[in-house]
1. How high is the relative contact order of the chain, in percent, counting Cα pairs under 8 Å that sit 6 or more residues apart?
2. Quick check on the chain: helices-only [θ] at 222 nm, where DSSP H runs of length 4 and up contribute -39,500 (n - 2.57) each and the sum goes over total residues. Nearest 500, please.
3. Report the charge-dipole magnitude of the chain in Debye, nearest 20, computed about the Cα centre from +1 at each Lys and Arg Cβ and -1 at each Asp and Glu Cβ.
Amino acid sequence: MRGSLPFPDEMLSPLFIDTFLLDYHLGHVLLLAFVASLLGVLPLKSQKLVAAVIISFGLIFSMSPFTTMPATYILLGVGLVIVGPLLWTTADS
């Protein structure tokens, strides 16, 4: 077991991780979580669950602070808040 652990000189440096993460902001993280949760709900084949995910992420996007991400993500949240209830009311299951 001891041989499988990487040596300290083979590990990623914190500077490398920091430069990688500096390219992303809260909008990217929320968008990734939104897509992942939609993909997780789709196999259940429930339109109401999809609508609930869309509504909840619409609220999260629209309530996020302007300083942490561009305004396009806020507008995406407003659009999701409008589309989500429409999907909920037209859902059969």
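Every number here is computed from the coordinates shown, using simple stated rules; none is lab data. Note that this is a predicted model, so its numbers are computed, not measured. Here Cβ is always computed from backbone atoms with ideal geometry, including for glycine, and neighbour counts include all displayed protein chains.
1. 29
2. Rounded to the nearest 500, the figure is -21500 deg cm²/dmol.
3. Taking the Cα centre of the chain as origin, the dipole is about 400 debye.
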